[in-house]
Amino acid sequence: MNSGVDVQHLGVIRRGRAVLRDLSLRIEPGELVGLLGPSGSGKSTLMRALVGVQRVTSGSATIDGIPIGSAELRHRVGYVAQSPASYRDLTVEENVRYFAAMLGIDSSDADRVLELVDLSERRRDLVSSLSGGETNRVSLAVALLGEPQLLLLDEPTVGLDPVLREHLWGVFRQLRDRGLALVVSSHVMDEASRCDRLVLLRAGKFIFDGSPSTLLSRTGAGTYDGAFIALVKDTA
Amino acid sequence: MSLRRTTLTAYRIVTQLRHDLRTVALVLLVPAGLVGLLAWTLLQRPGQFDAIGPRLLGVFPLTVMFLVTSVTTLRERTSGTLERLLTLPVTKADIIGGYALAFFLVALVQSVLVAGLSYTAFGLHHLGWPWRPSLVALLSGLLGTAFGLALSALATSEFQAVQFMPAFILPQLLLSGLFVPVSDLPAGLRQVADVLPMSAAVRALQPTETLRGATEQTLVMVAYVVGALVLGAVTLRRHSK
Ligand SMILES: Nc1ncnc2c1ncn2[C@@H]1O[C@H](COP(=O)(O)OP(=O)(O)OP(=O)(O)O)[C@@H](O)[C@H]1O
Ligand SMILES: [Mg+2]
C-alpha cells in the first residue's frame, strides 16, 4: 500500500516553455527529502504536479502506486502551497475545521494540528490579523490534518524564527520516523543539512541527488551555500 | 456531489460573511434602499411608482448579487484556497453548490426585505400578491449569483470582475424593456432582448403581464439559474495548463 513516490520521465510545458524536463525520482516512505534549486527552477511546479493541480505534459508519476491526480490520492497527500492558502476572513480555527470537514475527518483533529504548529493560542483570531509566518503555519496545520502518507511542503518555514523553525523540523522528523515521506522545498541552504537527502533542481532538471554530506564532498565547498553556488554554476 | 460538503461549504461562506457585516448590510439593504429612493423621486407623480417599481425588483437584486458573488469567488480563486480545496476529496459541484446555497440564503433575506418594504413603507400597490415580486426578486438575486459564479472564471483580477458589471448588467438593463418596451425594439435587438435573463425578471413583474406569462418567465429564470450554475461548475478547472 505504502510505497512512496515514483516519478518517471515527468515533463511539464507551460506556455510553450519546458518548465520540468524528463524528471525521474523515487522517494521511499520514511524519507525526508529537501528540494532545492534557484528561483524559477521548477520546485513549486513539481509539487503542484504531484498534488494534481498542474497538468503533466509527458511522463508519469505515482504515489503509493496510484497515478497522480487520482481522486483516491486526495486524502493521502498533505500539501502546503508556496503562497498561503487560507481564508483571511475566517479565524484560524474556522479555517482548520473547514478543511478538516472537507477531508471528512473529525474536527477534534484541528486541536492536534494547531498544537503542532504552535497556533493554539491564536485559534480565535482572524487570519487577516496574523503575521506572515503565522499565516503560513495555518496552511501547514491544514496539511497535517488526518493521516497523510506524503507531505509536500513548498517553503513551509519562510518567515519563521530559528526557534520555531527548529520546532517544525522536529515535527517533520517525527513524521518521517512514523513512516511518512516528506518533500520540503527551501531556498535557505542551511535547512538542507536537516534533510536525509537533497535533490537539486536547475532549469527544470535534476542536477544533484544525494545526502547533504555528499553534496559538500562532491563540490569541495565548506558551506551549503557554497556547494549550491558551485553546483548551479558547474552545470550552467 | 455530497450534501454534507455542500452545506459545510455554504456554512463556511456564511461564516465569512458574518465576519464582514458591512458587506452583509450593503447587500441586504442596497436594493431596498434603491427602490425606496425611486418611490421618493416619484412622489409627485401618482401611479408612476406602481408602473416602474415592481420591475426594478427584478433588476437590483440581480446586480448586487452578481457583484458580490463574482468578487467572492474570484477571491477564492486568487487566494489559492480554491486550488487547495481541489487537492482534497471535494468535487467542483460541492463548491459551486455551497456558494449557491449560501447566496440563496442571502438572496432570500434580501428579497423579503426589498419586497416587504416596497409593499409597506414605499406604498407599492400593484400586482396584488406580494409573493410574486418576492419570488421574482429572489430568483433575480439567484440569477446574479449563478452568473457571478460562471463569469468569475473569465476574470483574473477583482478589478476585471468589477468591470463585468457594466459589461454584463448594463446592456441587459437597456434591453430589458424598462426604457423602451421590448416590442418596440429594432428586429435584431428584440430577439436578443427576448432571451436575456434580466428581461425575464422585468417581464415577470410587468403589471400588464398575465399570471400564466409571469409563470413562464419565472421558469425561464429558473432555467437560467440552473444553466449558469452548471456552467460555473464546468469552467472550474482542477488543473492549470
Ligand atoms: N502561471 C504560470 N504560467 C506560465 N509559467 C509559469 C507560471 N508559473 C510559473 N511559471 C514558470 O515556471 C517556472 C518554474 O516556476 P516555479 O514556480 O515552479 O519555480 P520555483 O522553483 O518554485 O521558484 P521559487 O523558488 O521562486 O518559488 C518559472 O520559469 C516560471 O516562470
Ligand atoms: Mg516556488
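The orientation-averaged shadow of the Cα convex hull for region B:1-107, equal to a quarter of the hull surface, comes to 7.6 nm². On the principal axes of its alpha carbon atoms, region A:147-198 extends 27, 21, 17 Å, with the longest extent given first. When N is the residue count of region A:9-71, what does its C-alpha Rg come to as a fraction of 2.2 N^0.38 Å? The reported ratio for this selection is 1.11. Longest span of chain A, sites excluded, free of trypsin sites (Lys or Arg not before Pro) in DSSP loop with at most 13 other C-beta atoms within 10 Å? Of all site-free stretches, the longest is A:16-123. Restricted to Cα atoms, the protein assembly as shown shows a radius of gyration and a Dmax of 27.2, 92 angstrom. Arranged from fewest to most other beta-carbon atoms within 10 Å of their beta carbon, B:Met198, B:Met1, B:Met165 become B:Met1, B:Met165, B:Met198. In chain A the Cα-Cα distances spread across 5 Å bins starting at 0 as 1, 7, 14, 18, 19, 17, 12, 8, 3, 1, 0 percent of all pairs.
Can you list the residues of region B:162-180 with backbone N under 15 Å from a point 7 Å past the Cα of B:Arg45, pointing along Cα to Cβ? Under cut-off, by backbone N: B:178-180.
In the frame of its principal axes, region A:194-236 has Cα extents of 23, 19, 14 Å, reported largest first.
Take every DSSP beta bridge whose two residues both sit in region A:80-236; close to 50 percent of them are antiparallel.
When the alpha carbon gyration tensor of chain B is reduced to an equivalent ellipsoid, the three semi-axes, largest first, read 32, 20, 16 Å.
For region A:110-236, what D do you get in µm² per second when you plug the Kirkwood radius from alpha-carbon pairs into Stokes-Einstein at 25 °C and 0.890 mPa s? Spell out each step's value before the answer.
Numbers: Rh = 16.1 Å.
My calculation gives 153 µm²/s for D.
Distance between the C-alpha centres of region A:10-82 and region B:110-183: 45 Å, rounded to the whole angstrom.
Going by average Cβ density within 10 Å per residue, which order do the peptides B:77-83, A:223-229 take, highest to lowest?
Those peptides, ordered most packed to least, come out B:77-83, A:223-229.
If the chain linking A:Ser58 and A:Ser211 were pulled fully straight, counting 0.36 nm for each residue of separation and taking away their Cα-Cα distance, it would gain 52.3 nm. The simple Förster model, with R0 at 22 Å and r as the Cβ-Cβ distance, assigns B:Leu34 and A:Leu126 a FRET efficiency of 0.10. Annotation: aspartates and glutamates with alpha-carbon distance below 15 angstrom to B:Lys92 (same-chain offsets under eight excluded): B:Glu76, B:Glu83.
Each of B:Glu216, A:Glu93 was scored by other Cβ atoms within 10 Å of its Cβ. Arranged with the fewest first, they read B:Glu216, A:Glu93. Each distinct pair of alpha carbons in region A:53-95 adds a 1/r term; the inverse of their mean, the Kirkwood radius, is 13.0 Å.
Which order results if B:Tyr119, B:Tyr11, B:Tyr99 are arranged by neighbouring Cβ count within 10 Å, fewest first?
By the 10 Å Cβ count, ascending, the order reads B:Tyr11, B:Tyr119, B:Tyr99.
Measuring r between the beta carbons of B:Val226 and A:His9 and using R0 = 45 Å, the FRET efficiency lands at 0.55. Summary value for chain B: 28 percent relative contact order, contacts being C-alpha pairs under 8 angstrom separated by 6+ residues. Counting only whole DSSP H helices of chain B, the ones at least 18 Å long by C-alpha along their axis and with mean Kyte-Doolittle hydropathy no lower than 0.0 are B:21-41, B:60-78, B:92-119, B:131-151, B:211-235.
Placing unit charges on the Cβ atoms of the charged side chains and taking the dipole of chain B about its Cα centre, the candidate lying farthest along the positive direction among B:Val106, B:Leu236, B:Ser176 is B:Leu236.
Since every read-out is calculated from the coordinates, none of them should be taken as a lab result. Treat the numbers as computed from the prediction; the structure is a model and nothing was measured. Glycine gets a Cβ as well: all are built from the backbone with ideal geometry, and neighbour counts include every protein chain shown.
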